[in-house]
Amino acid sequence: FLCWYVLGNSLAFGFLDKPNRFTGGSAFLMSGFFDEKTKLRFWLFHGTFCATGGTIVSGAMAERTKLKGFGIFTVVMTSVIYPIIVHWGWSGEGFLNYVDSHGDRVSVFGPAYLDFAGSGIVHLVGGVAALWGAAIVGPRKGRYDEAASDAFDGHNIPFCVLGTFFLWFGWYGFNPCSTTSMHEREIAHVAALVAINTTLSPCVSGLIVFFLRAKVTPPLRLDVGGFSNGILAGLVAITAGCAYVKPWEAVIIGLVGGISYQCGSLLLQRWKVDDVVDAFAVHGVNGLWGILALGLFGNPEENIGGNGSLYGGNQLQAQLGASAVIILWVSAWSMVLFYPLHHFGLLRLSDNFQDQGADFMEHSPAKAYHEA
């Protein structure tokens, strides 16, 4: 939030006298906010999205990453990488969504990029950075030693489930509240549709992952942790299109989202990328699917903002173009930051640190929790 306060919000929403399609550049340190107090709640709401983008990466790199190295990355992520993407897609002046000389909303790829609450702008950004971070920092010591594989299982599945429900509940703040107001009947109806879709998609996604892991793929058992990540995958997948599609379409998006998550998780295992919480499979893969799904679904005749190619619309070209730009931007910054940090010894904890545990080596108290 401090980075968002000092620089991030200004690059995202700091409008200039002559609109800049690449970045904003005004209202530093919230200057002028008390002349237009509606900016205060807008700043806080979008600050939470910014923080989310950074925290996605932390889960993928957990248990072997130095705090100082990750701190440097997080400062750049929340000050520059994420805010500039926000300007492209959500400011109303960026090259992914702006008003042309005819008064129409467009992008450099044709129709304006659509992403109601951040499948691409938040989750794809965090997921791509998570993939690069996990790959560059390397796996935890012993992670792929067959004899020690059980040592890396989560130690408290009930807490994982509780955390999943916290996140799901929080999503009703992110998605429906992306209407930014509900005092008019029509806007309240939009928020209701968003809430319904935000409920249905994760239900389907979670169940399909639960079924796949029980009957089709390893572990061929009832995997509650997989169920939890499947729920999150469905939430990520519907976040872009939650206001633009009908509930039956949200069910299909969630179904594909669950399958996409499972395929992404298996790929990470095959590539031996030690993504501790499957952040890339949840946020990266389904952030991408969520954007592309909105290029397919959403009937223009329903008058709820959809423009899907399955109904003769041309939204898919904008969604594809935006996806490519976001992936390239985040990948370039991630490599520029993570490789030097790793090279100069600022990113990875030593084997001894990992054996002893960072809690024991540098934190107080020396244990995050006590065993009975």
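Adding -39500 (n - 2.57) for every DSSP H run of four residues or longer, then dividing by how many residues the chain holds, sets the calculated 222 nm ellipticity at -18000 deg cm²/dmol. Express the carbon and sulfur contribution to the solvent-accessible surface of segment 194-347 as a percent, rounded to the nearest whole number, probe 1.4 angstrom. Using a 1.4 Å probe with all protein chains present, segment 194-347 comes out at 70 percent carbon and sulfur. Going by the alpha-carbon gyration tensor, a ≥ b ≥ c the square roots of its eigenvalues, is segment 1-66 rounded (a/c under 1.5) or, if a/c is not under 1.5, prolate (a/b greater than b/c) versus oblate? Taking the square roots of the gyration eigenvalues as a ≥ b ≥ c, segment 1-66 is prolate. Grouping the Cα pair distances of segment 143-186 into 5 Å bins from zero gives a pair-distance distribution of 5, 17, 13, 11, 11, 11, 9, 8, 6, 4, 3, 2, 0 percent in increasing distance order.
Think of a 1.4 Å ball rolled over the protein heavy atoms: segment 223-271 then has 32 Å² of accessible area per residue.
The Cα center of segment 315-335 and the Cα center of segment 24-49 differ in position by 26 Å. Each part reduced to its alpha carbon centroid, segment 191-217 and segment 167-186 end up 20 Å apart.
Take the Cα of Ser101, go 7 Å toward its beta carbon, and the backbone nitrogen atoms of segment 18-36 under 18 Å from that spot belong to 18-21. Here the accessible area is traced with a 1.4 Å probe on the protein chains. For segment 47-128, carbon and sulfur cover 63 percent of it.
Assuming a viscosity of 0.692 mPa s and a temperature of 37 °C, what translational diffusion coefficient in µm² per second does Stokes-Einstein assign to segment 14-160, Rh being the Kirkwood radius over Cα pairs? Stokes-Einstein gives a translational diffusion coefficient of 184 µm²/s.
Computed from Cα positions, the angle between helix 247-271 and the longest principal axis of the chain comes to roughly 40 degrees. Listed by chain and number, the lysines placed with their C-alpha closer than 25 angstrom to that of Lys18 are Lys37, Lys39; residues fewer than eight positions away on the same chain are left out. Potential lengthening of the chain between Glu362 and Ala214 amounts to 49.3 nm, from the contour at 0.36 nm per residue minus the alpha-carbon distance. Other residues with beta-carbon under 14 Å from the beta-carbon of Ser350 carry, at +1 per Lys or Arg and -1 per Asp or Glu, a net charge of +2.
Shown here are the Rg and Dmax of the Cα trace of segment 92-166, at 20.9, 65 Å. Of interest is the spacing of the C-alpha centroids, which for segment 351-372 and segment 129-162 amounts to 16 Å.
If you model the chain as an ellipsoid using its alpha carbon gyration tensor, with each semi-axis the square root of five times an eigenvalue, the axes come out at 34, 26, 18 Å, biggest first. Within the straight-line cut-off of under 30 Å between alpha carbons, the lysines reachable from Lys272 are Lys66, Lys68, Lys141, Lys215, Lys367, sequence neighbours fewer than 8 places apart in one chain being disregarded. Probing with 1.4 Å while keeping every protein chain in the model, the per residue accessible area of segment 80-148 equals 32 Å².
The values are calculated or read from the model by the stated rules, or taken from the named source; none is laboratory data. Values in this document were obtained by computation on a predicted structure and should not be read as measured data. Positions of Cβ are backbone-derived with ideal geometry, glycine not excepted, and every protein chain shown enters the neighbour counts. We work out accessible area using only protein heavy atoms, side chains counted, and drop any ligands, DNA or RNA first. Shrake-Rupley method; radii C 1.70, N 1.55, O 1.52, S 1.80 Å.
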